[in-house]
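Chemist: Okay, handing you the structure first.
Here, each number is a calculation from the coordinates, and none is a lab measurement. Just so you know, these numbers come straight off a predicted model, no measurement behind them. We place every Cβ from the backbone using ideal geometry, glycine too, and count neighbours over all the protein chains shown.
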Amino acid sequence: MKIPDYTVIVESLSEEDGGGFIARVPDLPGCMSDGATDSEALQNAHDAIREWIEQAHSMHRPIPRPTRQRQYA
């Protein structure tokens, strides 16, 4: 399955929140992941995008198109 190119926003987490990084996908409500490094969080987000889309298909829900805007944090 070809995964569309969704914007992923990766941000560091404070030590109070456990450290590491969180990756959010604004176009897919609730789609997020985390990781010990920014690249791990990004890779985990790509896995989360695949799973989000698979679940939406199985529930016959629409899949939002990626926005054209790019954001990097």
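Chemist: Of the candidates I22, I63, I53, which one comes out as most mobile in a Gaussian network treatment of the chain with C-alpha springs shorter than 10 Å?
Modeler: I63
Chemist: Here are several values of log10 I(q)/I(0) by the Debye sum over Cα atoms at q = 0.12, 0.22 Å⁻¹: [x] -0.67, -1.06; [y] -0.33, -0.94; [z] -0.61, -1.07. Which one was derived from the coordinates shown?
Modeler: Here log10 I(q)/I(0) by the Debye sum over Cα atoms at q = 0.12, 0.22 Å⁻¹ agrees with entry [y].
Chemist: May I ask for the angle, rounded to the nearest 10°, between helix 38-58 and the longest principal axis of the chain, with both axes built from Cα atoms and the value confined to 0 to 90°?
Modeler: Once rounded, one gets 30 degrees.
Chemist: Mind telling me which of R24, R61, R50 comes out most flexible in a GNM of the chain, alpha-carbon contacts under 10 Å?
Modeler: Comparing R24, R61, R50 in the GNM, the peak value goes to R61.
Chemist: Magnitude of the Cβ-charge dipole of the chain, K/R +1 and D/E -1, about the Cα centre, nearest 20 debye? Intermediate results must be reported in sequence, preceding the final value.
Modeler: Numbers: 7 positive and 12 negative charges, 131 e Å.
With only Lys, Arg, Asp and Glu charged at Cβ, the dipole is about 640 debye.
Chemist: Can you pull the one-decimal nm distance between simple spin-label points at D47 and S14, each 7 Å off the Cα toward Cβ?
Modeler: 2.8 nm
Chemist: Once the dipole of the chain is set up with Lys and Arg at +1 and Asp and Glu at -1 on Cβ about the Cα centre, which of A36, V8, G18 lies farthest towards its positive end?
Modeler: Going by the Cα projections, it comes out as V8.
Chemist: Give the long-range amide H neighbours of C31: residues separated by 5 or more places, or on another chain, with amide H under 5 Å away, using H modelled in the peptide plane at 1.01 Å from N.
Modeler: Residues meeting the amide H criterion: V25.
Chemist: Students often get this wrong: which residues of the range 38-57 have the backbone nitrogen under 12 Å from the point 7 angstrom along Cα-to-C-beta of I63?
Modeler: Flagged as within label range: 49-57.
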